[in-house]
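To start, the structure itself, in structure tokens.
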Amino acid sequence: MTFRPEDYRAPLEQAVRYAREWLDSLPSRPVKPAAPVDQLAAAFARPLPEEPADPAAVVAELATLAEPGLMAIGSGRFFGWVMGGTLPAALSADWLVSAWDQNGGLRYATPATAAIEERAGAWILDLLHLPAASAVGFTTGGTMANFVGLAAGRGAVLGAAGWDVNRDGLTGSPRVTVLAGVEVHISVLLALRYLGLGGPTLVAADPQGRIRPDALAEALSAVTGPCLVVLQAGNLHSGAFDPMRECIRLAHDAGAWAHVDGAFGLWAAASPRWASALDGLDTADSWATDAHKTLNVPYDCGIAVVADAAGIRSAFGAQTSYFVQDDAGAADPMELVPELSRRARGVPVWAALRSLGRSGTVSLVEGLADNARALAAGLAALPGVEVLNDVVFTQVSVSFGTDDRTVRVTQALIDGGAVWMSGSVWSGRAVLRISVSNWSTDAADVAVAVDAVAQALATVTTAATDGE
Ligand SMILES: *Cc1c(COP(=O)(O)O)cnc(C)c1O
């Protein structure tokens, strides 16, 4: 087969065409997918074709078959889980990442993407007021960013206990105690599992889900060996931030490593509005966040930050004769994350930050929180609606009275298609959980959302009355 540049033209043009059709439809289309997965699976159910096909026709077939099964996550009316959309500059940069096809692991081999990612990392440290000498690794998401921070921590606390985990593994090592708040995110549990550390010891939290410093102090007093403390900046249900300065000081006084899971909430550090809520954040040892949530870059992009750059390299660095490594002594990108080969996923982060600037990034974060507040206020004004959390950031948890009613309103809301919000359980109660994470959500979307909830509520109320 021969490389002919013109062979890319028609399929790329098709991709642009279908991408634009999709993006053009976002402001008006229903948020939920039109068809369920079994229907999509049926649409794609054909044996592997024997013969080649025209690439442009492949793109057209793909886009056409997929369309009914796409969720409008990029819509300003999508409030599910904690998922951002994608900024125009970030999406476009992501396409270039694919066209360039750089394997982003080595500074020497792929200098452009290495330099771009290093700059994006430096901007993030500046924007979030994290220590400037920290190492920044670009992971697939928050789960792996937690994994990276906790891996660096595991190596450090075991090293301090005289145990080399890289050489000797965990078999026979001193036991590493992990302390985390009861509302720790599931991804931290996964990261600990991957690291062979098992489940954490859970520490009591207050009604907003913040870890209680007195409970943490008590838990730490019972720890004798190596210890990791996992804090949270941004609780999934309330958006609340753990008391950073006090908890990190307690951890450090006990010789423990302090890691912060800030998958969406770390971005609050960009704005002075949360300076006191996040006071002391910069004193932690490692931080995890997502760019594909609050920063609104395409999937998949998480960010791991470790204050001790040498520590992260000792966890992930690899030396072998066929990696020609950078002689300046700077860390190669592959020394900061689990993957050797990977796409240059930090490039869209650079583009997002370059397009927003500092002021635009701050406005983005503050705007999400403003809209969350407006949504909460609109919902609280509806009869029978209770907003359960203090709306301090982008998350709102709502009850409609009984659990059964809340579940039914949530389903009616999703079925309506005007918006998407997730059902969840918080502190033992069924909730409708709202996350304002899309850069394009505006006042009109907020109004549509409040209206959609009011309608879902009316449907459920009528159905209940009919049934009586
Ligand atoms: C989303 C989230 C994660 C996991 O991030 P992924 O990008 O989905 O891997 C971790 N912690 C919190 C608080 C989150 O909201």
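Structure summary
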read-out	value
Matching residues in segment 275-301 - criterion: being surrounded by fewer than 22 Cβ atoms within 10 Å (Cβ to Cβ) and under 30 Å from residue 157 (Cβ atoms)	275, 276, 277, 279, 280, 282, 283, 300
Enumeration of residues in segment 288-305 that are closer than 15 Å to residue 123 by Cα, in contact with a Gly (Cβ under 6 Å, 6 or more places away or on another chain) and more than 10 Å from the ligand (Cβ to nearest atom)	304
Filter pass, residue 35 being over 21 Å from residue 294 (Cα atoms), outside the structural domain of residue 142 (by TED's automatic domain parsing) and at pLDDT 95 or above	yes
Neighbours by Cβ (under 8 Å, 6+ apart or cross-chain): first from segment 241-260, over 19 Å from residue 312 (Cβ atoms); second among the hydroxyl-bearing types (Ser, Thr, Tyr) and not in a loop (DSSP other than H, G, I, E, B)	244/283; 245/283; 249/283; 254/221
Residue identified as closer than 21 Å to residue 84 by Cα, surrounded by fewer than 20 Cβ atoms within 10 Å (Cβ to Cβ) and touching a residue at least 60 places away in the same chain (Cβ under 8 Å) among 424, 437, 397	424
Residue in segment 155-177 that is within 16 Å of the ligand (Cβ to nearest atom), modelled with pLDDT of 95 or more and not in a strand (DSSP E or B) present	no
Qualifying residues in segment 208-263 (those that are of a type in the set (Ser, Thr, Tyr) and more than 30 Å from residue 437 (Cα to Cα)) - the one nearest to the ligand (Cβ to nearest atom)	221
Condition broken by residue 207, with the remaining ones in (1) in contact (Cβ under 8 Å) with a residue 60 or more places away in the chain; (2) buried (at least 17 other Cβ atoms within 10 Å of the Cβ) satisfied	(2)
Single residue of 304, 372, 344, 352 found to be in a loop (DSSP other than H, G, I, E, B), buried (at least 24 other Cβ atoms within 10 Å of the Cβ) and at pLDDT 95 or above	344
Residue count, segment 76-90 (criterion: part of a loop (DSSP other than H, G, I, E, B) and out of contact with any Lys or Arg (no Cβ under 7 Å at 6 or more places or on another chain))	8
Odd one out for residue 193 among (1) within 16 Å of the ligand (Cβ to nearest atom); (2) surrounded by 15 or more Cβ atoms within 10 Å (Cβ to Cβ)	(2)
Helices (runs of 4 or more DSSP H) contained entirely in segment 186-284, each with at least 2 residues that are over 19 Å from the mean Cα position of the chain (by Cα) and of a type in the set (Gly, Ala, Ser)	213-221
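Yes/no matrix, rows are residues, columns are (1) over 30 Å from residue 273 (Cβ atoms); (2) within 16 Å of the ligand (Cβ to nearest atom); (3) touching a Phe, Trp or Tyr at 6+ places or on another chain (Cβ under 6 Å); (4) not basic (Lys, Arg):
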{"site": "88", "(1), (2), (3), (4)": "no, no, no, yes"}
{"site": "101", "(1), (2), (3), (4)": "yes, no, no, yes"}
{"site": "108", "(1), (2), (3), (4)": "yes, no, no, yes"}
{"site": "121", "(1), (2), (3), (4)": "no, no, no, yes"}
{"site": "125", "(1), (2), (3), (4)": "no, no, no, yes"}
{"site": "129", "(1), (2), (3), (4)": "no, no, no, yes"}
{"site": "135", "(1), (2), (3), (4)": "no, no, no, yes"}
{"site": "138", "(1), (2), (3), (4)": "no, yes, no, yes"}
{"site": "142", "(1), (2), (3), (4)": "no, yes, no, yes"}
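The values are calculated or read from the model by the stated rules, or taken from the named source; none is laboratory data. Keep in mind the model is a prediction, meaning the values are calculated, not measured. Here Cβ is always computed from backbone atoms with ideal geometry, including for glycine, and neighbour counts include all displayed protein chains.
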